[in-house]
2 protein chains.
Amino acid sequence: MSNKLTGVFAPVVTPFNADLSPNFGLYLRHCQWLLQQGAGLAVFGTNSEANSLTLTERMGLLDQLAQHGIDAGRMLPGTGCCTIQDTVELSRHATVHGCAGVLMVPPFYYKGITEDGLFSYYSEVIERVALQDLRVYLYHIPAFSGVPVSLGLIERLIKRYPQQVVGIKDSSGDWQNMEDMLKNFPDFSIFPASESFLTRAMPLGASGCISATINVNPAAISRLCANWQAEDALVQQQKLDVVRKIFQTYPMIAALKFAISYYGDRPGWQIIRPPLSALGADKKSALITELDAAGFSMPSLLEA
Amino acid sequence: MSNKLTGVFAPVVTPFNADLSPNFGLYLRHCQWLLQQGAGLAVFGTNSEANSLTLTERMGLLDQLAQHGIDAGRMLPGTGCCTIQDTVELSRHATVHGCAGVLMVPPFYYKGITEDGLFSYYSEVIERVALQDLRVYLYHIPAFSGVPVSLGLIERLIKRYPQQVVGIKDSSGDWQNMEDMLKNFPDFSIFPASESFLTRAMPLGASGCISATINVNPAAISRLCANWQAEDALVQQQKLDVVRKIFQTYPMIAALKFAISYYGDRPGWQIIRPPLSALGADKKSALITELDAAGFSMPSLLEA
């Protein structure tokens with residue numbers, strides 16, 4: 001029996017007050033709702049605006065979630081920063097909280113980074129965290145980071161840190177890369193970044209998915225992840241893909257926030273930190289028109 | 001008489017100890033030497049590995065430089081971070097120190113940022129710093145940030161914050177962009193990121209340059225900046241270009257550090273923070289061979 005982490009994890013979007021401080025009330029409710037719908041919490045991911053939050057805010061939100069009874073074992077916080085010590089600080093904090101693992105985007109300012117350089121970076125972080133319980137999930141998102149996590153790097157890190165380096169989120173959208181990882185690293189927890197890969201990736205050993213749209217469609221995505229062998233799996237997949245494709249044609253974070261705001265009747269959710277922008281009025285109404293036409297709803301959001 | 005900031009500024013490379021902590025002794029000496037050679041100090045820039053330093057380290061180094069008598073008025077620290085509050089904290093700190101200005105790279109994780117979004121970001125920062133003495137130099141470096149600073153954005157920011165938004169460093173290497181900025185914003189302090197543009201940009205009103213290679217060739221670059229109308233300006237320019245082109249064929253930061261280490265006989269300078277890597281042995285010897293062949297030297301480095 002494998003100890004691999006499995007399931008679906010939402011890169012939890014982060015609500016703000018009018019002064020741009022985190023709105024913990026809305027945040028907690030959203031986290032509770034996601035858990036009820038079967039999703040885990042990949043807090044502080046790309047779609048969480050994590051890179052628009054300070055270290056203090058990230059650690060403070062995690063502390064507060066734990067204080068309010070959110071199970072750390074269902075959390076996979078993003079901890080990758082440009083600076084070794086910042087990544088170490090967030091990773092230690094999350095590990096001490098008992099989080100299932102940490103999702104570590106590579107340092108993303110400098111470009112043209114060598115495999116040796118990235119290996120040294122991850123080694124420094126792991127050695128400095130210096131906790132047996134640390135579980136690192138790598139994060140391949142070249143469109144944002146500009147720093148790919150190559151198969152060669154994964155292989156070296158697994159070999160050097162077999163207890164610590166245990167999985168990856170692949171946001172490249174490149175199916176060939178997904179297939180190569182699944183074939184080469186069968187014991188690795190491999191999460192595509194879109195539910196649209198579920199019926200193709202699960203039979204090859206994927207662990208689930210960590211996808212933006214789990215924020216708005218958690219129950220249906222959890223269901224397909226658990227039942228990818230069901231007779232109606234392809235029908236389920238098609239339904240998920242319709243919703244996914246709608247969101248993908250809008251700026252994702254703003255669209256997620258507006259959908260939660262609209263279907264959950266909580267206007268505060270629309271606030272977003274610069275440099276990102278909220279949807280304009282025309283895009284808002286187009287998004288809702290498309291989602292309504294697709295029969296989309298978030299029925300249980302209000303009761304959470 | 002214009003109050004424009006002028007001259008050459010080195011994006012000061014940052015030396016480290018074996019444990020990767022900043023080596024302040026080497027740092028102070030390098031800063032003193034650069035000032036003696038006529039260069040100002042754009043500390044915490046791209047070539048300073050600023051994005052591999054914590055906020056605490058950046059503020060601590062600036063405090064120490066000031067304590068050791070380095071004139072804040074000759075400093076132009078980089079303060080742009082992904083997060084509004086981090087940028088505010090560094091910018092306030094530098095402004096309170098009396099720095100000539102702050103060099104503010106745009107938030108660089110999220111991509112596809114709109115002009116409105118970036119305008120909001122800079123507005124939030126300027127409003128929150130809330131200091132009359134704040135002088136912001138924008139930083140256009142799309143190859144690293146992935147977030148261009150457009151002419152439209154510059155125009156809007158100058159119009160809204162004429163006292164605060166006073167200049168830009170253009171690291172795009174795109175001469176057309178440089179020319180467009182010089183024509184459109186004659187009162188703006190515009191710094192190309194390479195001394196190779198000096199004889200073309202100074203006659204059009206450029207303020208000087210902020211260039212990586214000022215770390216190793218400060219006196220000659222300062223001289224051409226001050227004497228671009230001299231008869232031998234093009235000869236000077238050609239000599240500078242030879243050195244610049246050599247460094248440009250190597251990973252820049254590692255090459256600068258190795259050159260300082262070698263010509264200054266200070267091996268400690270070679271240490272670089274991951275994810276960047278030091279030059280390999282073959283590249284080190286190739287760099288020195290090329291520089292020696294070009295007659296390059298750093299004669300006064302040892303006496304600094």
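Copy-to-copy label distances for B:Q248, where each label lies 7 Å from Cα along Cα-to-Cβ, are 3.9 nm in order of increasing length. Looking at the protein assembly as shown, the DSSP beta bridges with both ends there are about 5 percent antiparallel.
With a ≥ b ≥ c taken as the square roots of the eigenvalues of the C-alpha gyration tensor of the range B:147-304, please select rounded if a/c is under 1.5 and otherwise prolate if a/b is larger than b/c or oblate if it is not? Mind showing how you got there, number by number?
Working: a/c = 2.38, a/b = 1.64, b/c = 1.46.
Cα axes put the range B:147-304 in the prolate bin.
Reported to the nearest whole Å, the Cα centre-to-centre distance from the range A:137-201 to the range A:1-22 is 19. Coupling constants for the range A:118-135 follow from the phi torsions by the Karplus curve (6.51 cos²θ - 1.76 cosθ + 1.60, θ = phi - 60°), and in residue order they are 5, 4, 4, 4, 5, 4, 4, 4, 5, 5, 7, 5, 6, 10, 4, 7, 4, 10 Hz; glycine and proline get x.
This model, with +1 at the C-beta of Lys and Arg and -1 at the C-beta of Asp and Glu, gives chain B a dipole about its Cα centre of some 60 debye. Across identical copies of the chain, B:Y161 has label-point separations of 3.7 nm, listed in ascending order, with the point defined 7 angstrom from Cα along Cα→Cβ. Taken one residue at a time, the phi angles of the range B:55-66 give Karplus couplings (6.51, -1.76, 1.60, θ = phi - 60°) of 4, 4, 5, 5, 5, x, 5, 5, 4, 5, 4, 5 Hz. Gly and Pro are set to x.
When the Debye formula is applied to the Cα atoms of the range A:57-177, each taken as the same point scatterer, what base-10 log of I(q)/I(0) results at q = 0.13, 0.15 Å⁻¹? At q = 0.13, 0.15 Å⁻¹ the computed log10 ratios are -0.49, -0.64. Amide H to amide H, with H built 1.01 Å from N, A:N23 comes under 5 Å of A:F16, A:N17, counting only residues 5 or more places away or on other chains.
Test of understanding: ordering B:V147, B:V242, A:V136 by Cβ neighbours within 10 Å, fewest first, what list do you get?
With the sparsest Cβ surroundings first, the list reads B:V242, B:V147, A:V136.
Of the residues A:F9, A:H93, A:A219, the one whose Cα sits farthest toward the positive end of the charge dipole of the range A:7-231, with +1 on the Cβ of Lys and Arg and -1 on the Cβ of Asp and Glu, is A:A219. The region of chain B that goes longest without hitting one of the GluC sites (Glu not before Pro) in a DSSP loop, each with at most 10 other Cβ atoms within 10 Å, is B:1-230. Between the amide H of A:A10 and those of A:G40, A:L41, A:A42, distances stay under 5 Å, these residues lying 5 or more places away or on another chain, with hydrogens modeled in the peptide plane.
Each Lys and Arg contributes +1 and each Asp and Glu -1, all at the Cβ; summed about the Cα centre of the protein assembly as shown, the dipole is approximately 60 debye.
List the lysines whose Cα sits under 30 Å from the Cα of A:K283, skipping any in the same chain fewer than 8 residues away. Once the sequence-local lysines are set aside, what remains near A:K283 is A:K169, A:K239, A:K245, A:K257, B:K111, B:K159. Ranked from shortest, the separations from the 7 Å Cα-to-Cβ label point of A:I288 to its equivalents in the other copies are 7.0 nm.
Of all chain B residues, the one whose Cβ lies closest to the rotation axis that maps B onto A, given with that distance rounded to whole Å, is B:G146, 3. By the gyration tensor of its Cα atoms, with a ≥ b ≥ c the square roots of the eigenvalues, what is the shape of the range A:1-107: rounded for a/c under 1.5, prolate for a/b over b/c, or oblate? Cα axes put the range A:1-107 in the oblate bin.
Ordering B:F119, B:V129, B:I168 by the projection of their Cα atoms onto the charge dipole of the range B:88-169, which places +1 on the Cβ of Lys and Arg and -1 on the Cβ of Asp and Glu, puts B:I168 at the extreme positive end.
Overall size of chain B from C-alpha positions, given as principal axis extents largest first: 50, 48, 37 Å. Per residue, the average separation of C-alpha pairs within less than 8 Å and at least 6 apart gives the range A:7-231 a relative contact order of 21 percent. Toward the positive end of the charge dipole of the range B:7-229, with +1 on the Cβ of Lys and Arg and -1 on the Cβ of Asp and Glu, the farthest Cα among B:N177, B:G69, B:M104 is that of B:G69. Scoring A:246-258, B:34-46 by mean Cβ neighbours within 10 Å over their residues and listing the highest first yields B:34-46, A:246-258. Under 5 Å from the amide H of A:S189 lie the amide H atoms of A:G167, A:I168, each residue being 5 or more positions distant or on a separate chain, with H modelled from the backbone and absent for Pro and chain starts.
Springs between Cα atoms under 10 Å define the GNM used for chain A, and in it the highest mean-square fluctuation of A:P275, A:P77, A:P107 occurs at A:P275. Tell me whether the protein assembly as shown comes out rounded, prolate or oblate; compute the Cα gyration tensor, take square roots of the eigenvalues as a ≥ b ≥ c, and use a/c under 1.5 as the rounded threshold. Verdict is prolate for the protein assembly as shown. The phi-based Karplus calculation (6.51 cos²θ - 1.76 cosθ + 1.60; θ = phi - 60°) puts the 3J(HN,Hα) values of the range B:174-191 at 9, 4, 4, 5, 4, 4, 4, 5, 4, 6, 7, 10, x, 8, 7, 8, 10, 10 Hz, whole numbers, x for Gly and Pro. Given +1 at the Cβ of Lys and Arg, -1 at the Cβ of Asp and Glu and no other charges, the dipole of the range A:114-229 around its Cα centre is 260 debye to the nearest 20.
Any read-out appearing in this document is the output of simple, stated calculations on the displayed coordinates, not a laboratory observation. Please read all numbers here as calculations on a predicted model, not as lab measurements. Here the Cβ is made from the backbone with ideal geometry for all residues, glycine too, and neighbour counts use every protein chain on show.
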